[in-house]
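> The structure is given below, and queries will be raised subsequently.
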Amino acid sequence: MSEPRVGEMQTGMSLKQLVIANAALILNTTTWGTFFPVLELQLRHWDMFSASAGRQVTGTIALLSMVACIERRWPIRRGLPWGTIIMLSTIGITVCCLLTTLAVFLSSGLSAAIISATNPIGSALLAQALYGVKLRRAIFVGAILSVAGGMLAVTAGQHGRFTFGLGELSLVTANLIWTWFSLAIQHRLRGYTFLERSAYTILPGAVQLTLIVIALHYLGLAQIRMELSFWPLVYVFYLGFIPNGLGNFLWLWAISRVGVNVASMYQNLIPVTAVLVTIWIGIYPNWQQLIGGAVILLGVLYTQITERRRSRAAVVTPAVSP
């Protein structure tokens, strides 16, 4: 089955294929939902630059190892378009990674989650502006429901209060950059598997972030702090192998099936998952959070069912000669 137009939902998918794509997104959301609480723990032991570099280096190891094991060959091909890969990685990995870490470092978890809940609308508008992805009614309605559910879930027990500062602005910018990166990597690296796209584009970012840490340390421009005890190392390997490695691959594969607009709606489940991750420290979800998660899923299902009906109708309806 050929890839769809960049950003669009794939036409002609069977119900089984659609279920698999959604299962991949649910697993992706689960891994990404663990990202913020674990990163917050890591930032207690590592500075923001080392934390950013550490998870990209371990993510690179994970993805290149997956390429070698699954495709049974040396993971890096000859003749790669390194100019394109480095450009994509610099913006989509290095800059986005630093902005995300800065957001977690500066903002509250509540504010960051609320800002993340607006990502479906930003993704839809950006996809339309860059690649002409149509903002059909089903996508618009689904995005509104998804954002509303995310807002409801993350403001539970907080009286709807949040602040907007540099941390939140960093997260907005990071979300837009990630949407651009997700679309651009499909357009510019079409000749490579999704696993290769994930591995090749994370590699330059890992190198760049490592060089940034080294330069900042030797120039004395920032205090570099890396505790190499057991738990800080567990955090950095977990972040690299699971959210960065597995999570990024699942995301890039799934958006090629259901489109970036539908996939981005799942991101509103990230704060819900993050709350569930913190249960072990005594924080439990309430009814408002559960209802918010249900509204998010309603928005996702509404959009996908409507879009699937539209694509099937387009396939079976014969063309009419002018």
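The values are calculated or read from the model by the stated rules, or taken from the named source; none is laboratory data. Everything numeric here is computed off the predicted structure, so don't read it as measured data. Neighbour counts run over all protein chains shown; Cβ positions are idealised from the backbone, glycine included. SASA here: full protein model, heavy atoms, side chains in, ligands and nucleic acids out. Shrake-Rupley method; radii C 1.70, N 1.55, O 1.52, S 1.80 Å.
> Would you kindly find the accessible area of Glu40, with a 1.4 Å probe and non-protein molecules such as ligands, DNA and RNA excluded, rounding to the nearest 10 Å²?
Per-residue accessible area (Glu40): approximately 100 Å².
> Please give the FRET efficiency for Phe105 paired with Ser14, using the beta carbon to beta carbon distance and R0 = 56 Å, rounded to the nearest 0.05.
The computed FRET efficiency comes out at 0.80.
> Using a 1.4 Å probe and ignoring any ligands, DNA or RNA, find the accessible area of Met151 and quote it in Å² to the nearest 10.
Probe radius 1.4 Å; accessible area of Met151 about 70 Å².
> Tabulate in residue order the Karplus-calculated ³J(HN,Hα) for segment 136-146, using 6.51 cos²θ - 1.76 cosθ + 1.60 with θ = phi - 60°, rounded to whole Hz; enter x for Gly and Pro.
The phi angles translate into 6, 4, 4, 5, 5, 5, x, 5, 4, 4, 5 Hz.
> To the nearest 10 Å², what's Arg188's accessible area with a 1.4 Å probe?
130
> Please give the contour-minus-distance gain from Ile224 to Ala294: 0.36 nm per residue of separation, less the Cα-Cα distance, rounded to one decimal in nm.
21.0 nm
> Hey, if we sort Phe230, Phe140 by accessible area with the 1.4 Å probe, largest down, what's the order?
Phe230, Phe140
> Also, I was wondering about something else. With each pseudo-label sitting 7 Å past Cα toward Cβ, what's the Arg190-Arg137 distance in nm, one decimal?
3.2
> Tell me the label-point distance for the pair Leu125, Leu211, using the 7 Å Cα-to-Cβ offset, in nm and rounded to one decimal.
Computed distance between label sites Leu125 and Leu211 equals 3.5 nm.
> Got a sec? What order do Trp74, Trp180 fall in by accessible area at 1.4 Å, biggest, i.e. largest, first?
Trp74, Trp180
> Shifting gears a bit: Report the gain in length on full extension from Cys69 to Arg309: 0.36 nm times residue separation, minus Cα-Cα distance, nm rounded to one decimal.
Values: separation 240, 0.36 × 240 = 86.40 nm, distance 3.84 nm.
Full-extension gain reported as 82.6 nm.
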